[in-house]
């Protein structure tokens, strides 16, 4: 059984301009000890999906579908049940790490508080444990760092302190929204290195949400590509990079700097209020055929490992093979 | 750099210190550099390295503690106030904050121009089209635009002055990958087609590589390496430059997991007041590094680096 099973998750928000549907039926599984990356641009619904999984949507938000964690349904769970899962079973790190830290408490006390609550430790044992966690996320020397206040710390250190708080309850699953955004390259690398070590040493599963395909590539087992509220492709890291099946994934790879000539994707992401009946990427897709704008494709299997699939008409079993993207190393270009 | 005429930007022995007494922070600690006409200089370094302060001093938003800045032969401040020549303009990381929310795009873009109303409207549309925005954007307001569109508007406003040097401070950092790539191509086009020169400040080396002719690597207020872009990527000398290049995600992920720690010691930003500022983080530092600050030395054509141990480092090999 999957550790986390998300099925047909939809998230909508009531806004003054009408109902805005940010997530339109996402389904995916996360196995124990597995790192899954959700990659998409702003407006793809990736962060809304993460908040919905945790039951942390703002009051104007509404989630439908199913989110099962270790067999327990989270979407309909009450506040008390959710409180037992959050922090203890599922740790979370948000993009704004400063908001997760209390400026009036030492970092060590904040980590120890979480450890004491979730691991049932006494104050002294909790503080000793907190120091160990600070060391594990690379805040050296942990004894001194534990006694400091977060106010004067750099962004990278705060991000790692937030990570330490998320990890203090020894969660089985970590959810992280843009864990490395805004960090310097060498710091980002250190954070990812810590995450990966926790996965291999403690068997922790992780869902990393990012807009940067390059960043998550080195730590993820599987990658989900989100576009306009749907997962348009999912597969192993190897399949996503070597055999990108969806034209959007191929275009994202082409827009990554450092892979030769830059090929940005023309146009912008669609307004979720005005989506047509067809594939949401059709207007920007240079491989689109007439039918693409008329009806939405389902997720069809794509070549590579099991579980590699793409929501694209070109992978419909009856589609003519020569039209298919992904040939020539994952690049689709003019 | 071009010919005998003066460079477009000249920075000589520049210092910018904040605070005083024992709490003094040397944000810029003795930097000299030049940008030729039509040249793009990339400036990389981690947060706190002083790269943004250097950019602000160059455009006159901040005054140096000592040293000299000349833009097209003129200082960017006179009598303690910014007096930036029109040939230099700046764009910032947060485009939405750089635009007045109460002004229409057309008004923002043409605010520095002395034109009649009709000329103004025509000029706004020209400028917007030059940055790839539809003419209809002119009547809209910043809050109705995406981050990428706002950054294009900020660029159009900078271009309205017909600058020869654009100081861009992390202009892509707040944008999505594909939007950033669009913006980068636009900046590249202005550089190649119109000879616009850049001081392009970023922490992302891969972005800088696509635009810069030369790259300066800054650590703790000093340039630790300055080199033509391909020379820096091919033969990085300084251990900090090497750590930055090592941290660049590989274009294609290897079959096995690729994460390895960056191989630096201490906390980011750790610096030493005496000797080499990078010594506390450098895995190759020896006794001399902690007492004597290294000067920039030549390691190839136009390739300068400041490291005592450069000759003793292992040969460079990208992962």
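All of the numbers you see were taken from the coordinates with simple rules; none came from a lab. Predicted model, so just to flag it, every value in this text is computed and none were measured. Every residue, glycine as well, gets a Cβ built from its backbone with ideal geometry; the counts of neighbours run over all protein chains shown.
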Compute and list, largest first, the equivalent-ellipsoid semi-axes of region A:99-239 from the alpha carbon gyration tensor, each √(5λ) rounded to a whole angstrom. 29, 16, 13
Which of B:225, B:267, B:170 fluctuates most in a GNM of chain B (C-alpha springs under 10 Å)? That residue is B:267
Mind checking the angle between helix A:123-136 and chain A's longest principal axis? C-alpha axes, 0 to 90 degrees, to the nearest 10. 40 degrees
Give the average over all directions of the projected area of the C-alpha convex hull of region A:224-323, one decimal, in nm². 6.6 nm²
Rg/Rh of chain B (Cα atoms, Kirkwood Rh), to two decimals, equals 0.99
Footprinting proxy, A:286, B:210: sorted fewest to most Cβ within 10 Å, the residues are A:286, B:210
Most mobile listed residue (A:252, A:314, A:183) in chain A, GNM with C-alpha springs under 10 Å: A:183
Whole number please: convex hull volume per residue, Cα atoms of region A:195-275, in Å³. 107 Å³
Quick check on the protein assembly as shown: take the gyration tensor over C-alpha atoms, sort the square-rooted eigenvalues as a ≥ b ≥ c, and tell me if it's rounded (a/c under 1.5), prolate or oblate. oblate
For chain A, with a Gaussian network of springs between Cα atoms less than 10 Å apart, report the residue from A:298, A:79, A:205 with the top mean-square fluctuation. A:79
Can you sort B:150, A:279 from fewest to most other Cβ atoms within 10 Å of each residue's own Cβ? B:150, A:279
Rounded to the nearest 5, the percent of DSSP beta bridges in chain A running antiparallel is 60 percent
The answer for the per residue Cα convex hull volume of region B:1-158, in Å³, is 155 Å³
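D for region B:89-160, whole µm²/s, Stokes-Einstein with Kirkwood Rh over alpha-carbon pairs at 25 °C and 0.890 mPa s: what number?
Numbers: Rh = 11.7 Å.
The Stokes-Einstein estimate is 210 µm²/s.
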Can you compute the FRET efficiency between residue B:317 and residue B:119 using 1/(1 + (r/R0)^6), with r the Cβ-Cβ distance and R0 = 60 Å? Round to the nearest 0.05. 0.55
If eta is 1.567 mPa s and T is 4 °C, what Stokes-Einstein diffusion coefficient results for region B:117-209, Kirkwood Rh from Cα pairs, in µm²/s? 94 µm²/s
What's the average, rounded to a whole number, of partner chain beta-carbon atoms within 10 Å of each residue's beta-carbon in A:208-218? 4
For chain A, the longest principal axis of the Cα atoms and the Cα long axis of helix A:185-202 enclose an angle in degrees, to the nearest 10, of 80 degrees
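Which FRET efficiency value, to the nearest 0.05, do you get for residue A:290 and residue B:194 by plugging their Cβ-Cβ distance into 1/(1 + (r/R0)^6) with R0 = 35 Å?
Approximately 0.30, to the nearest 0.05.
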In whole angstrom, largest first, the equivalent ellipsoid semi-axes that the Cα gyration tensor gives for chain A are 37, 22, 18
Note down, for region A:154-199, the three equivalent ellipsoid semi-axes (square root of 5 times each alpha carbon gyration tensor eigenvalue), biggest first, whole angstrom. 18, 11, 9
